[in-house]
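The values are calculated or read from the model by the stated rules, or taken from the named source; none is laboratory data. These numbers come from a predicted model, not from an experiment. For neighbour counting, all protein chains shown are included, and Cβ atoms are generated from backbone atoms with ideal geometry for every residue, glycine included. Side chains are part of the model used for accessible areas, which takes the heavy atoms of the whole protein and leaves out ligands, DNA and RNA. Shrake-Rupley method; radii C 1.70, N 1.55, O 1.52, S 1.80 Å.
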Amino acid sequence: MPLLEEKTLRQERPPTLPVVIIGNGPSGICLSYLLSGYKPYLDTGAVHPNPILYRKLQETKHLPVTEQDLEYLSEGLEGRSGNPVAVLFDTLLHPNADFGYEFPPVVQWRRDKQQHIPHLVLGRATPGGAWHAMEGSMLTISLGIWMELPGVNYRDLTNGKRRGVTNDRATPEEISSYYRNYVKLMGLQKNFVDNTYVTSVQKLCRGHKTEDLENGHTEQMDGVGNGGNEVFDGSGVECGDNGGGGALWEVRGYQRVQNDSHVPFCLFAENVVLATGASDSPARLGVEGEELPFVFHSVSDLGLALSQRKLDPDSDPVLIVGAGLSAADAVLCACGSNIPVLHVFRKNIDNPDLIFKQLPKTLYPEYHKVYHMMCSQSHATSMSASPAANGPQAVSIASSVCAKMCSKTQHAETNITANGSVSQFPDYSSFPEHCVVSFQHDMKCVLQGNNSLKAFKISMALVLIGTNPNLFFLKGQGQYLGLDPAKPISCKQNPIDIQPYTFECTKEPGLFAMGPLVGDNFVRFLKGGALGIASCLLKRLKKRGKLINAGGNNFI
């Protein structure tokens with residue numbers, strides 16, 4: 001049994017670890033690699049194209065990057081992440097990538113077994129996280145090399161596949177296989193516990209008796225942290241942070257074993273890292289009728305309806321809500337099967353925040369085709385307005401907006417197939433600057449535009465307006481950790497507030513967050529969170545004299 005069972009706690013002391021990582025996707029895998037003693041040094045044979053950064057790296061080239069001043073190295077760098085360490089690590093691993101270059105990394109990796117920090121990575125499935133659940137025939141948004149983790153070339157594990165200079169993107173199946181094999185190749189298996197579900201993470205404070213298996217001492221703790229508010233023990237001393245060695249985190253949950261039974265566990269940690277990603281809960285409109293059975297929140301539901309032949313070219317239109325890549329995927333999927341589409345989104349087509357404006361046309365021709373359709377095939381231009389539709393309360397009823405599609409292309413659910421070809425689809429209409437007012441039991445959807453209401457008969461609706469993390473295991477679902485504590489955690493609108501160079505939560509010492517939870521939605525940037533956290537913990541434990549030699553985790 002890899003985890004100590006909760007029912008044995010009265011006879012056995014619960015284990016205390018320096019670090020527990022919740023989530024075994026690329027964020028958790030990369031952090032495990034860095035905590036396992038692997039350190040990045042400047043490659044003396046490489047020259048970084050940024051002369052200022054290269055000069056800084058040479059000043060302390062005898063030290064690994066994890067022991068250098070990350071704030072100093074990050075100063076002046078620009079990139080597509082709002083986190084400076086993410087930009088730093090990305091430019092070390094992929095110099096000038098945003099300019100279309102494929103320069104080799106300027107760091108080389110060495111393992112120092114004396115710098116190993118024991119840790120556990122808890123994940124609901126095998127290492128790779130949500131990538132295992134994605135449809136394997138589509139292509140990723142990022143290039144394959146941007147999806148790789150330190151130390152193992154992506155192409156080396158995918159038989160050197162390269163689809164072409166302008167389309168070197170990978171399938172989720174290739175990526176999930178890469179992450180699974182990466183853990184084995186790097187010898188990280190002992191740190192990973194699969195099929196685990198965390199149900200509670202609470203901070204314990206002085207006064208409550210706990211046992212430390214590793215150091216063999218008893219610590220007096222008192223009560224549970226109250227979600228960011230001050231907690232005091234009987235002597236009036238505030239519960240300290242882990243940098244001062246004052247508090248522990250209690251992590252509870254269960255592991256699903258072979259016979260599908262659930263075995264509960266409990267352990268203590270000095271530091272907890274949130275690496276859970278952002279795909280737990282689809283965002284909802286919150287409008288009337290959203291719970292009706294023909295309203296869905298996943299592109300896979302459209303694929304299922306198509307595979308079950310519940311939709312055909314004569315069906316009423318599919319309503320797609322959203323202006324992101326998932327909505328574009330759904331448009332491509334429906335149009336590829338000759339299904340009529342009504343595409344609704346709040347933003348103006350010229351809004352600079354639209355994701356399509358941030359994607360190079362040569363790499364993402366299919367998404368730019370959708371964007372072109374959004375601009376050129378709007379409801380206002382593709383349908384003549386009826387007299388009744390001109391008033392502020394006017395309602396027009398339509399069962400189909402256009403003629404049959406002129407061609408049929410082969411396309412997968414979530415991105416595009418390898419050929420990347422898309423043609424114009426006449427049976428598509430966009431509704432920019434519109435919102436859904438309600439869904440009705442008679443399969444109608446009411447839309448509101450500029451001073452008008454429109455109702456359409458539809459076959460199904462796909463609400464694809466993003467996903468939110470599910471931090472139910474934290475007090476108040478972790479809302480107090482956000483930039484705006486009054487709002488739920490959202491990877492785009494309200495990410496977790498962190499210290500920029502350590503990724504430690506500003507409102508909760510000893511608790512760290514990385515990846516989509518702090519706004520880094522692309523693998524190439526979430527690796528910076530691993531660098532910042534590993535650097536912080538290594539320096540902190542070294543200062544306290546608690547760095548632990550590699551020798552396996554005795555508690556797993």
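Only one residue in L474, L483 is surrounded by fewer than 17 Cβ atoms within 10 Å (Cβ to Cβ), in contact (Cβ under 8 Å) with a residue 12 or more places away in the chain and either touching a Pro at 6+ places or on another chain (Cβ under 7 Å) or of a type in the set (A, V, I, L, M) (or both), so which one is that? Can you show your working first?
Numbers: L474 fails: surrounded by fewer than 17 Cβ atoms within 10 Å (Cβ to Cβ).
Among L474, L483, only L483 is surrounded by fewer than 17 Cβ atoms within 10 Å (Cβ to Cβ), in contact (Cβ under 8 Å) with a residue 12 or more places away in the chain and either touching a Pro at 6+ places or on another chain (Cβ under 7 Å) or of a type in the set (A, V, I, L, M) (or both).
In region 118-135, how many residues are assigned to a loop (DSSP other than H, G, I, E, B), open to solvent by 20 Å² or more (accessible area, probe 1.4 Å) and either modelled with pLDDT of 80 or more or in contact with a Gly (Cβ under 8 Å, 6 or more places away or on another chain) (or both)? Number satisfying all stated conditions: 3. Do we have any residue at all in region 81-97 that's aromatic (F, W, Y) and under 19 Å from the mean Cα position of the chain (by Cα)? Yes. In region 361-387, of all residues being open to solvent by less than 50 Å² (accessible area, probe 1.4 Å) and at pLDDT below 75, the one that is nearest to the chain's Cα centre (by Cα) corresponds to L363. Could you please let me know if A46 is modelled with pLDDT under 85 and either farther than 28 Å from S326 by Cα or under 22 Å from the mean Cα position of the chain (by Cα) (or both)? In short, no.
This table checks each residue for (1) in a helix (DSSP H, G or I); (2) open to solvent by 40 Å² or more (accessible area, probe 1.4 Å); (3) modelled with pLDDT of 95 or more; (4) out of contact with any strand residue (DSSP E or B) (no Cβ under 9 Å at 6 or more places or on another chain).
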residue: A269; (1), (2), (3), (4): no, no, yes, no
residue: V272; (1), (2), (3), (4): no, no, yes, no
residue: L302; (1), (2), (3), (4): yes, no, no, no
residue: L306; (1), (2), (3), (4): yes, no, no, yes
residue: R309; (1), (2), (3), (4): no, yes, no, yes
residue: D312; (1), (2), (3), (4): no, yes, no, yes
residue: I320; (1), (2), (3), (4): no, no, yes, no
residue: S326; (1), (2), (3), (4): yes, yes, no, no
residue: L332; (1), (2), (3), (4): yes, no, no, yes
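Return yes when S459 is at pLDDT below 95, closer than 25 Å to Y371 by Cα and out of contact with any helix residue (DSSP H, G or I) (no Cβ under 7 Å at 6 or more places or on another chain) and no when it is not. In short, no.
For every residue, the table says whether it meets (1) part of a helix (DSSP H, G or I); (2) modelled with pLDDT under 80.
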| site | (1), (2) |
| --- | --- |
| V85 | yes, no |
| D90 | yes, no |
| P104 | no, no |
| W146 | yes, yes |
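Residues in region 452-503 that are in a strand (DSSP E or B), within 15 Å of the chain's Cα centre (by Cα) and hydrophobic (A, V, I, L, M, F, W, C): 1 in all.
Residue by residue through region 487-528, note down the ones that are of a type in the set (G, A, S) and modelled with pLDDT of 95 or more. Before you say what the answer is, go through the steps one by one.
From region 487-528, those of a type in the set (G, A, S) are 490, 510, 513, 515, 519, 528; that's our starting set.
The answer is G510, A513.
Taken together, the residues in region 426-451 that are in a loop (DSSP other than H, G, I, E, B) and open to solvent by 10 Å² or more (accessible area, probe 1.4 Å) amount to 10.
Residues in region 174-226 that are modelled with pLDDT of 70 or more, surrounded by fewer than 20 Cβ atoms within 10 Å (Cβ to Cβ), more than 20 Å from the chain's Cα centre (by Cα) and charged (D, E, K, R): K184, K190.
Among the residues of region 59-81, those that are farther than 14 Å from W109 by Cβ and either hydroxyl-bearing (S, T, Y) or open to solvent by 80 Å² or more (accessible area, probe 1.4 Å) (or both) comprise E59, T60, K61, H62, D69, E71, Y72, S74, E75, E78, R80, S81.
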